[in-house]
Amino acid sequence: MHQHRVILSSAAAAATSPQARRRGTARARLVPFVGVVLGVGLLASACSGGGATDKGTASTDPSGSGPAAADTHDEHEGQHTNTVDVGPLALFAADYWSVVQPSEGLTQVRAGGCPESEACPSFDVLNGDPVAAVDTTQAYVPEGAFCPGTGKLTVGASKETSKLDVEIDGQPATLTRFELSCVDASGAEQMTVEQMQWFVPDSPNGPTLIADRWAFEGLEQRLYAATWATASA
């Protein structure tokens with residue numbers, strides 16, 4: 001098990017913070033718990049953080065539940081002024097984001113306040129060597145990943161539904177949408193959800209893959225407004 005290293009976190013609470021919302025089409029046989037708004041139960045608890053260590057770029061407490069720290073860029077330039085480093089990208093962050101780095105080349109943004117043992121709303125950013133280990137033309141579903149919701153449904157199958165050429169801070173990228181089949185322990189499909197996946201083959205920091213199956217609020221717009229961090233020497 002990887003020791004998570006807390007990079008940045010927020011003090012979002014379930015009653016007040018925005019939540020990652022699930023997009024996707026629930027089938028007619030969707031069981032009742034799937035209709036629960038994503039993250040409501042998960043965000044009620046304070047983020048445990050375990051033995052995580054503070055990077056020092058945020059004013060946080062040992063549990064990782066302190067306020068988000070961000071770089072401020074000309075507060076008179078538009079409505080977005082605060083950015084945080086998420087892997088190779090500087091993104092305008094929501095106040096409920098908690099950023100951790102489970103392993104080298106993998107950065108994960110989770111909904112703050114969600115215990116690590118739960119199926120927490122999150123999105124992944126892979127950069128460099130870890131990208132070479134995955135098939136970027138397929139839906140990225142790492143071991144132990146779950147579909148959105150509180151039932152811990154696993155991904156049984158996936159299919160591409162659309163592909164679009166886009167740019168992230170001047171670098172050509174591909175946005176691919178996948179439909180994921182979410183199944184229970186018996187293998188029966190309970191619902192389907194959409195996963196959005198951006199692949200940047202030649203970013204200044206190497207190949208980059210961003211995968212979001214939890215429909216994080218405003219992530220697409222945040223990515224198109226992002227900038228690349230300075231490439232390592």
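None of the figures in this text is laboratory data; all of them are computed from the coordinates on show. Model, not experiment: these values are computed from the prediction. A quick note on method: Cβ atoms are made from the backbone with ideal geometry, for glycine too, and the neighbour counts reach across all protein chains shown.
Here the label points at Ala185 and Thr137, each 7 Å from Cα along the C-beta direction, are separated by 3.7 nm in the simple model.
In a reduced charge model with +1 at each Lys and Arg Cβ and -1 at each Asp and Glu Cβ, the stretch 85-168 shows a dipole moment near 320 debye about its Cα centre. If only the Cβ of Lys and Arg carry +1 and only the Cβ of Asp and Glu carry -1, the dipole of the stretch 123-204 around its Cα centre is close to 240 debye.
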